[in-house]
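Written out below as structure tokens is the structure these notes cover.
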Amino acid sequence: MPKIITDKNKIKELLTRGVVDVIVKKSLEKKLMSGKQLRIKHGVDPTGPKIHLGRASTLRKLAKFQELGHKVVLIIGDFTALIGDASDKDEERTMLTRAQVKENMKGYLKQMGNIFNIEKAEIHYNSEWLSKLNYYDICRQANAFSAAQILDRDNFSKRFKAGERISLREMFYPLMQGYDSVAIKSDIEIGGSDQLFNVLAGRELQRLYKQEPQDIITFKLMDGIDGRKMSTSWGNVICVVEDPKDIYGKIMSMRDEIIAQYFELATDIFLSEIKKYEQEMKANKINPRDLKMKLAREIVRIYHGDKKAKQAEEHFIKTVQKKEAPDEVRSKKLEVRSMNIINLLMEVKLVGSKGEARRLIAQNGIKVDGKIVEDANREIKISKKEMLLQRGKRQFVKVIGN
């Protein structure tokens, strides 16, 4: 049994930094000060193959609980991912197939191992118990809630008033997540603030099964690169396994008003220091660009180490600030003498589709040897002389003819 740390300052930070809800605060504080090892539940549905910073911000809290000596119980929602959580959605989420979920789960634990200690965690897949429930079990659980309670949820309420479809399948999701708490006898559950109804469902079902209701901590949601909540299904994410140069560049492109949010949710920089940054920005005493560079360097360091963070910063300064080509650029040798720019971009894998290539050209986002390509029908001559293709500010490929 590990030593349980009851340091008041560490507990206070855990209950305040990035926190939205604490239920029930007195009970939770008492538990954390009791010296007893607690079971800290967190569930993750593998709806996509990569973990983004928004999801990682909550996973980082698990590391804090481990530092205090508590047992992290991680639930991989291989069953709930099939059903789909509608908590953060304004429209019906499409059901995934078992094959999709299985594919998404590849490498999940390895990614999480860079955020908290997987070896010390208790890992479960919720198909262990959810796939075994029968209709009587489900009806018994459903009896703990009314239809009005379910429809009162903000996103369901909006969809119901708008006359939009809400499937019964979506309404069952809170029961499933709630039963996870029963199955692993959770003491505390943590999650994003959009999960409040689901984690409260866990308290109700624990009462139904004669268990002591879990306490709850929910955390702020992180904004994505398009201003909405960061979400895999929306594609507006920064993933922890992305190339360090891409992570750095994406952070440098973010809006100034969310700099402090990222410092709070994605780093361990002292809150007092973050407050100072905010005040200095408002007073124009510091350039937001300099803070973004500090933030980008720190986030890359957390997930990829000091060396990669330094390299990512040097790459950004060289390619974006100084507008120079990077020292190391991927090369592609071609056997043809000419190629349409759209096909060329596809061939060297600078774009994923012809439509994407056309959009980038229309937005002046493609350059050949430093000159903007304006015509999507342009034919590019390919010779033995090296040619530099550029997408945006950070992606380059050298093209060489035979």
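Summary table
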| item | result |
| --- | --- |
| Test for residue 320: is it surrounded by fewer than 17 Cβ atoms within 10 Å (Cβ to Cβ), in contact (Cβ under 8 Å) with a residue 60 or more places away in the chain, in a helix (DSSP H, G or I) and over 25 Å from the mean Cα position of the chain (by Cα) | yes |
| Meets criteria (of a type outside the set (Ser, Thr, Tyr), closer than 22 Å to residue 319 by Cβ, assigned to a strand (DSSP E or B) and at pLDDT 85 or above) for residue 361 | no |
| Count - residues of segment 140-157 that are modelled with pLDDT under 80 and surrounded by fewer than 14 Cβ atoms within 10 Å (Cβ to Cβ) | 3 |
| In segment 1-49, residue nearest to residue 177 (Cα to Cα) [restricted to those that are surrounded by fewer than 16 Cβ atoms within 10 Å (Cβ to Cβ) and touching a Ser or Thr at 6+ places or on another chain (Cβ under 9 Å)] | 21 |
| Positions within segment 1-30 being part of a helix (DSSP H, G or I) and of a type outside the set (A, V, I, L, M, F, W, C), in sequence order | 8, 9, 10, 12, 13, 25, 26, 27, 29, 30 |
| Hits in segment 201-239 - residues which are of a type in the set (D, E, K, R) and part of a strand (DSSP E or B) | 215, 223, 229 |
| Filtered residues of segment 364-392 (kept if part of a loop (DSSP other than H, G, I, E, B) and over 18 Å from residue 323 (Cβ atoms)) | 374, 375, 376, 377, 378, 382, 383, 384, 385, 386 |
| Any hit, segment 273-280, residues being more than 30 Å from residue 329 (Cα to Cα) and hydroxyl-bearing (Ser, Thr, Tyr) | yes |
| Long-range neighbours under 8 Å by Cβ, at least six apart or interchain, first residue assigned to a loop (DSSP other than H, G, I, E, B) within segment 112-134, second basic (Lys, Arg) | 115/60; 116/60; 121/71 |
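Yes/no per residue for (1) part of a loop (DSSP other than H, G, I, E, B); (2) modelled with pLDDT of 90 or more; (3) surrounded by 15 or more Cβ atoms within 10 Å (Cβ to Cβ); (4) out of contact with any helix residue (DSSP H, G or I) (no Cβ under 6 Å at 6 or more places or on another chain):
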| residue | (1), (2), (3), (4) |
| --- | --- |
| 138 | no, yes, yes, yes |
| 159 | no, no, yes, yes |
| 166 | yes, no, yes, no |
| 171 | no, no, yes, no |
| 183 | no, yes, yes, no |
| 189 | no, yes, yes, no |
| 199 | no, yes, yes, yes |
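The values are calculated or read from the model by the stated rules, or taken from the named source; none is laboratory data. Since we're looking at a predicted model, the values are computed, not measured. Here the Cβ is made from the backbone with ideal geometry for all residues, glycine too, and neighbour counts use every protein chain on show.
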